[in-house]
Structure formats: C-alpha cells, structure tokens
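The values are calculated or read from the model by the stated rules, or taken from the named source; none is laboratory data. In this text, all values refer to a predicted model and were calculated from it rather than measured experimentally. Here the Cβ positions follow ideal geometry from the backbone for every residue, glycine too, while neighbour counts run over all protein chains shown.
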C-alpha cells in the first residue's frame, strides 16, 4: 500500500528513501513539491510564493532511547489524502 502524501514515520536510516524527505525544517520550493504543499500548506512556516517549510522533527527521540538519533521522514509521493 502506498503512503498518503504527508505521512510521517520513523526511519532508522540517516537519509530519506526515494519518495520521502527528512523532517528537518528545510524550506522546499513550492513548484517542485506542489502535492505536499497542498496537504501541509504553510503549517510549519513558509516564504510564499517561493517555498514552504517541512516539519522540524530532527531533534525528536523515541521515549526511552536517550541519545539515540531517530529520523522522521515525510512522504512526497503516494496517494493524495481525501478529506472526509
């Protein structure tokens, strides 16, 4: 099953797999990631009309893991989520 665009999940790697981006607060160009922007908009900050920001979760850790680095990734491809 394909993820929904905008799905966020934990990932043990130190990179983002194809179809995903690291949730590191980076500014992303609107023209390149229109589908993701349609889902998350400027929730995490933006410089409209050029860019919008990804969520910044790169400092988050799983409870009980102490200083273990955990990466979160956000889907940029997959199914477009439909509103109920």
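In table form, for the structure just shown:
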item: Members of the stretch 1-19 found to be farther than 21 Å from residue 48 by Cα and not in a strand (DSSP E or B), listed by number; result: 1, 2, 3, 7, 12, 13, 14, 15, 16, 17, 18, 19
item: Residues satisfying the stated conditions in the stretch 5-64, i.e. closer than 20 Å to residue 83 by Cα and touching a helix residue (DSSP H, G or I) at 6+ places or on another chain (Cβ under 6 Å); result: 5, 6
item: Residues (surrounded by fewer than 18 Cβ atoms within 10 Å (Cβ to Cβ) and at pLDDT 95 or above) located in the stretch 1-15; result: 4, 7, 8, 9
item: Residues satisfying the stated conditions in the stretch 20-50, i.e. in contact (Cβ under 8 Å) with a residue 40 or more places away in the chain and either out of contact with any strand residue (DSSP E or B) (no Cβ under 9 Å at 6 or more places or on another chain) or assigned to a loop (DSSP other than H, G, I, E, B) (or both); result: 23, 33, 35, 38
